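One structure is given here, and the rest of the page talks about it.
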Amino acid sequence: MSRFSTDRRHKRFAGLLPAQERPAGHRQKPVVYRLPAEAPAVKAPPVRIFVGTEPFQHRAERVFLWSLNRVRNPAREYLVYLMKDLVGYSRNNWKTGFKTYRYAIPSLAGNQGRAIYNDVDQIYLDDPAELFDLDMQEYGVLCIDDRDSSVMLMDCARLADIWTQEKAYSTQQHKLFRRALQERGLWGPLPERWHARDGDYLPEKSALLHFTTLHKQPWHPFPEEFKYEANEVGEVWHSLEREADAAGFTPWSKERPSEHQLELYDLYRRMHAGDTGLRAGKKRKRKSVRKATFGGSSLAPHVEEVGRLVAQYSPASLLDYGSGKGLLYQDSPDHSPGSRFKLLAEWPGVLVTCYDPGYEPYAEAITGQFDGVISTDMLEHVPEEDVPWVLDSLFSHANKFLYLVAACFPARKHLADGQNAHCTVLPPEWWLGQVEAAARRWATCTPFAERSEPLAWRLCTREKSMFALQKRKSPFRPGIKTRYFRGTATPS
């Protein structure tokens, strides 16, 4: 058995069970992370890197991209294609969520030019442009040996007819793709410095480090499946994550959101604008909220829980981030009617500021801090790749506490283009990991590290469950199971 292998003694009970059927993918194409060339730019093709990844590897994915930012040639363009939850693949019995994506790369690259493939559990210690530009001679693939395809340099044109997207959709076994490569004599050796596995790492010499041993991956992506052990070179990874935290790095940002996020901004503005809205009197107000497009009715189940935080922290100001039209609130008498400044009888003495980028009256950018920040119907409407920077924004505006809600099921509503209104549907543990990661960034990056007071956060996740103990319209319709997580971010 390979010294990098994970066997039964390294697994928890859940890891010993037969692999569960993976849900169908929902992405039509990889998400592209682009690092543009800075002037003066060199005359060379973009360095194309395809990464096999999955949602619960979000920490590894971020550190991989941070490592690339540290060592890249700023005069050259880099295009990173994150292959995650892609449609069309038969993913049953896959050991990871990205097993055969790599064999579709020639097709995804237009069967032209070169491409690098990386598993997400790797970091670059030297510029991958040097790998990209290696002399491939007559080979179609360079990798460390003819059985390990976790790091590859590929000539997409030479592979066009043997590694196709159609075969990657249906074929489960690596060996079938390897055999096709061997029969054509297209495999060639990759220099060892471009693939150091765990204990093979040599400081100052290794250009890429691969955390191959699953139960020793430093970021512990699947704690319910593995009994994690310390990795002898784990500090290399942890030091990179600390650097990224201190820099407040997220691959996408408020200044540079994903293309999907920009499309959603436009869709929500159009949907808000097209809603005539029902503005009945107080007796019919909550019914009117339900009928209005994104009226803010999702706040109602959380009024009491937020009220407990209000009683505990005595906030004077509160930001409702993603408030919709905020129709549950009353106008503040100290501000003009219809302004973004509101009151709620259940939270006496608290001035609420509404913010929603899709609703023009409340879309003006928010500055400064508020004693409390709540978000009760927004996070699941944010694309997966944008969730980290949105959470960072929420943390940056909070002075005393955060109250966050994430729905973990598809919405009944669909947007104008037909997509489900909940564009990020992932389990509570994924949301918890994202919030904890945002809390670490908040605690270490400037200017928050200069604070002395901790910041309390509470996460409420909502799942559909047939066993949820709450009133249902039908015994055959699942209820909503609510779970609460809490933590405190203390500036370091």
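You will find that of ALA19, ALA44, ALA37, ALA24, the residue that is over 26 Å from ALA115 (Cβ atoms), hydrophobic (A, V, I, L, M, F, W, C) and assigned to a loop (DSSP other than H, G, I, E, B) is ALA19 and no other.
When LEU65, LEU86, LEU82 are checked against the criterion of being within 26 Å of LEU214 (Cα to Cα), surrounded by 14 or more Cβ atoms within 10 Å (Cβ to Cβ), in contact with a Lys or Arg (Cβ under 7 Å, 6 or more places away or on another chain) and at pLDDT 95 or above, a single residue qualifies: LEU86.
Checking PHE56, PHE50, PHE4 one by one, the residue that is in contact (Cβ under 8 Å) with a residue 60 or more places away in the chain, touching a Leu at 6+ places or on another chain (Cβ under 9 Å) and part of a strand (DSSP E or B) is PHE50 and no other.
If I filter segment 324-345 for residues that are under 27 Å from the mean Cα position of the chain (by Cα), within 29 Å of ASP266 (Cβ to Cβ), modelled with pLDDT under 95 and not basic (Lys, Arg), do I get at least one hit? The answer is yes; a qualifying residue exists. Here is the figure for segment 367-390: residues that are touching a helix residue (DSSP H, G or I) at 6+ places or on another chain (Cβ under 6 Å) and at pLDDT below 95 total 2. For ARG308, the conditions (1) surrounded by fewer than 15 Cβ atoms within 10 Å (Cβ to Cβ); (2) charged (D, E, K, R); (3) at pLDDT below 95; (4) assigned to a helix (DSSP H, G or I) all hold with the exception of (3). Among the residues here, SER258 does not qualify as surrounded by fewer than 19 Cβ atoms within 10 Å (Cβ to Cβ), of a type in the set (Ser, Thr, Tyr), in contact with a Phe, Trp or Tyr (Cβ under 7 Å, 6 or more places away or on another chain) and under 27 Å from PRO36 (Cα atoms). Filtered by the rule that a residue be touching a Gly at 6+ places or on another chain (Cβ under 9 Å), modelled with pLDDT under 65 and assigned to a helix (DSSP H, G or I), segment 285-304 gives SER288, VAL289, LYS291. Entry remark, segment 187-212: residues being surrounded by fewer than 20 Cβ atoms within 10 Å (Cβ to Cβ) and either not in a strand (DSSP E or B) or not assigned by TED's automatic domain parsing to the domain that holds VAL51 (or both) number 12 in total.
When we screen ALA449, ALA443, ALA411 for residues that are assigned by TED's automatic domain parsing to the domain that holds LEU264, part of a loop (DSSP other than H, G, I, E, B) and either surrounded by fewer than 19 Cβ atoms within 10 Å (Cβ to Cβ) or modelled with pLDDT under 95 (or both), the only hit is ALA411.
The values are calculated or read from the model by the stated rules, or taken from the named source; none is laboratory data. If you're wondering where the values come from, they're calculated on a predicted model, not measured in any experiment. Virtual Cβ from ideal backbone geometry, glycine too; neighbours counted across all protein chains shown.
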